[in-house]
Amino acid sequence: MTYILGIETSCDETAAAVIKADKTTVTVLAHVVNSQIKIHKQFGGVVPEVAARQHIINILPIVDQALKQAKLTVKQIDAIAATQGPGLAGALMVGFETAKTLAWLKQKPLYEVNHLIGHLWSWLLPEVGKTEPININWPFIALIVSGGHTELILVKDFINYEVIGKTLDDAAGEAFDKAAKIMNLGYPGGPILSKRALLGDKNTWSFPRPLLQQPDFNFSFSGLKTSLLYKIKALGNLNEEQINNLCASWQAAVIEVLIEKTVRAAKFHHAQAVAVVGGVSANQSLRQEMAVKCSLNNWPLLLPKMLYTGDNATMIALAGFISHRLGQQALNKNFITTAIKPNLNI
Ligand code: KG4
Ligand code: ZN
């Protein structure tokens, strides 16, 4: 059994977690996430320097809280996993350097984790205090949809992944946030827009389905933002019902493209399952419509529990364990001189 302390500070969540895992099961012992949403709300978006400063204030209390929740000391932990990238440089530095310091002081291995690989395995995580089997149908297709990324990954085993498609411009979450800003819906845009969409009729207006006719697995969402802008200009002053209908119609375009390309990729690569992960995987319409498509094709749909859709350290701890223990990826023995990688890719 391996006990792992996870640390995540790539954007505006200061998070720490403890998991216990072996070859076949994972148990979540602690899951602590401190969101800075309220602080960044006044600026209408994440301010990197403010995020880093908040991480500095919060990181040690959050790590302490996670260890207390798990009823363990750092000494009893077997390894420390931390997000190395991608993300905001100043923000990443706080968590990663804290992890390095703890690992060095307590002579523990450091698992350097790619944030996106954290999301990739987040569907395996059980509720806090519970245990789930690590049971995987290879290969599977993962749609990673977050604020900074939209990628289709062919996952062949624990460490072999291939990016088979990605966004050519805005990420899906970013598109949601920008669309919400255009309609003055508030911050953070994605969750607000998706709630308004539930109240509207998606057949009211028709928005383009970017790149749907292209045979590749790439996405493009920046044009959808522009068509929304034109539609709003044409409509003039909007009432609440019109806003709900716009949200529903616009969201339907994004979801249709995400689902259609994922289904095509899964068919093309003879996938045994489909995973949808990242912040946008919290979207109820996306979850429901993807479930329908997957059941038609007999693919298990792998979705993270709602508490693991957004950024958290529990997925970072699990990704560290999976890469280094199950995938036997070599450990960096000289981690004292390693640094963050803000532009890290898969
Ligand atoms: O994975 P995440 O927490 O952070 C990044 O790694 O980027 O994703 C955050 C993104 C934001 O753009 C947010 O608006 C979006 O996920 N999001 C949603 C929903 N909940 C969060 N987008 C659409 N519908 C939602 N319900
Ligand atoms: Zn994320």
- Positive-end extreme of charge dipole, the chain - chosen from Ser295, Ala317, Gly85 (charges on Cβ): Ala317
- Query: For the range 233-342, which whole percent of the accessible surface, found with a 1.4 angstrom probe, sits on carbon and sulfur atoms?
  - Reply: 51 percent
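If you put +1 on each Lys and Arg Cβ and -1 on each Asp and Glu Cβ, how big is the dipole of the chain around its Cα centre, in Debye rounded to 20?
Numbers: 32 positive and 26 negative charges, 67 e Å.
Computed about the Cα centre, the dipole is about 320 debye.
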- Once fully extended, how much extra length lies between Asp78 and Leu238, figured as 0.36 nm per residue of separation less the alpha-carbon to alpha-carbon distance? 51.9 nm
- Along each of its three principal axes, how wide is the spread of alpha-carbon positions in the chain, in whole angstrom units, largest first? 63, 46, 33
- Task: Quote to one decimal, in nm, the extra length available between Gln65 and Ser295 on full extension: 0.36 nm per residue of separation minus the C-alpha distance between them.
- Result: 78.8 nm
- For Lys166, Lys293, write out the residues from largest to smallest accessible area, computed with a 1.4 angstrom probe and no ligands counted. Lys166, Lys293
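With a 1.4 Å probe and all protein chains in place, put Trp104, Trp299 in order of accessible area, largest first.
Working: Trp104 135, Trp299 30 Å².
From most accessible down to least: Trp104, Trp299.
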- Query: Tell me, what HN-Hα J-couplings in whole Hz come from the Karplus equation 6.51 cos²θ - 1.76 cosθ + 1.60 at θ = phi - 60° for each residue of the range 10-22, using x for Gly and Pro?
  - Reply: 6, 9, 10, 10, 8, 9, 9, 7, 10, 10, 10, 9, 9
- Run the dipole for the range 269-346 about the Cα centre, Lys and Arg Cβ at +1, Asp and Glu Cβ at -1, nothing else charged, and hand back the magnitude in debye, nearest 20. 180 debye
- Message: Projecting each Cα onto the charge dipole of the chain (Lys/Arg +1, Asp/Glu -1 at the beta carbon, about the Cα centre), which of Met306, Gly189, Gln76 comes out farthest on the positive side?
- Response: Gln76
- Item | For Met183, solvent-accessible area (1.4 Å; no DNA, RNA or ligand), Å² | 20 Å²
- Task: Would you kindly find the accessible area of Asp170, with a 1.4 Å probe and non-protein molecules such as ligands, DNA and RNA excluded, rounding to the nearest 10 Å²?
- Result: 10 Å²
- Peptides 256-267, 11-22 ordered by average Cβ neighbours within 10 Å, highest first: 11-22, 256-267
- Query: Points 7 angstrom from Cα along the Cβ direction at Asn343 and Gln214: gap in nanometres?
  - Reply: 2.1 nm
- Item | When the range 210-263 is reduced to its Cα atoms, the Kirkwood hydrodynamic radius in Å | 12.3 Å
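Order 110-119, 279-288 from most to least packed using the mean count of other Cβ atoms within 10 Å. Numbers along the way, then the final one.
Numbers: 110-119: 26.4, 279-288: 20.3.
Going by the mean number of other Cβ atoms within 10 Å, highest first, we get 110-119, 279-288.
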- Please report how far the C-alpha centroid of the range 1-52 lies from that of the range 122-192, rounded to the nearest whole angstrom. 16 Å
- Give, rounded to the nearest 20 debye, the magnitude of the charge dipole that the range 60-191 has about its Cα centre when Lys and Arg contribute +1 at Cβ and Asp and Glu contribute -1 at Cβ. 500 debye
- Query: With θ set to phi - 60° and the Karplus curve 6.51 cos²θ - 1.76 cosθ + 1.60, what are the ³J(HN,Hα) couplings of the range 185-196 in order, to the nearest whole Hz, using x for Gly and Pro?
  - Reply: 7, x, 10, x, x, x, x, 5, 4, 5, 5, 5
- Query: Going by average Cβ neighbours within 10 Å, how do the peptides 327-338, 209-220, 151-162 rank, with the highest at the top?
  - Reply: 151-162, 209-220, 327-338
- Task: Kindly state, to the nearest 0.05, the FRET efficiency for Thr131 paired with Lys267, given R0 = 25 Å and r defined as their beta-carbon distance.
- Result: 0.15
- Note on the structure: To the nearest 10 degrees, the tilt of helix 48-70 (Cα long axis) against the first principal axis of the alpha carbons of the chain is 60 degrees
- Item | Antiparallel content of DSSP bridges confined to the chain, in %, to 5 | 60 percent
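Determine the per residue accessible area of the range 75-146 with all protein chains present and a 1.4 angstrom probe, expressed in square angstrom. Kindly include the intermediate steps, with their values, before the conclusion.
Details: 2480 Å² over 72 residues.
Ligands and nucleic acids excluded, the result is 34 Å² per residue.
At a Förster radius of 35 Å, what calculated FRET efficiency corresponds to the Cβ-Cβ distance of Tyr230 and Leu307, to the nearest 0.05? Show your work: numbers first, answer last.
Numbers: r = 38 Å, r/R0 = 1.08.
The pair Tyr230/Leu307 has a calculated efficiency of 0.40.
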- Query: Hey, how many Å between the Cα centroid of the range 238-302 and the Cα centroid of the range 89-115?
  - Reply: 35 Å
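The values are calculated or read from the model by the stated rules, or taken from the named source; none is laboratory data. Note that the structure is predicted; figures quoted are calculated from it, not measured. Because the Cβ atoms are built from the backbone with ideal geometry, glycine has one as well, and the counts that use them run over all protein chains shown. The area values use the complete protein model at the heavy-atom level, side chains included, leaving out ligands, DNA and RNA. Shrake-Rupley method; radii C 1.70, N 1.55, O 1.52, S 1.80 Å.
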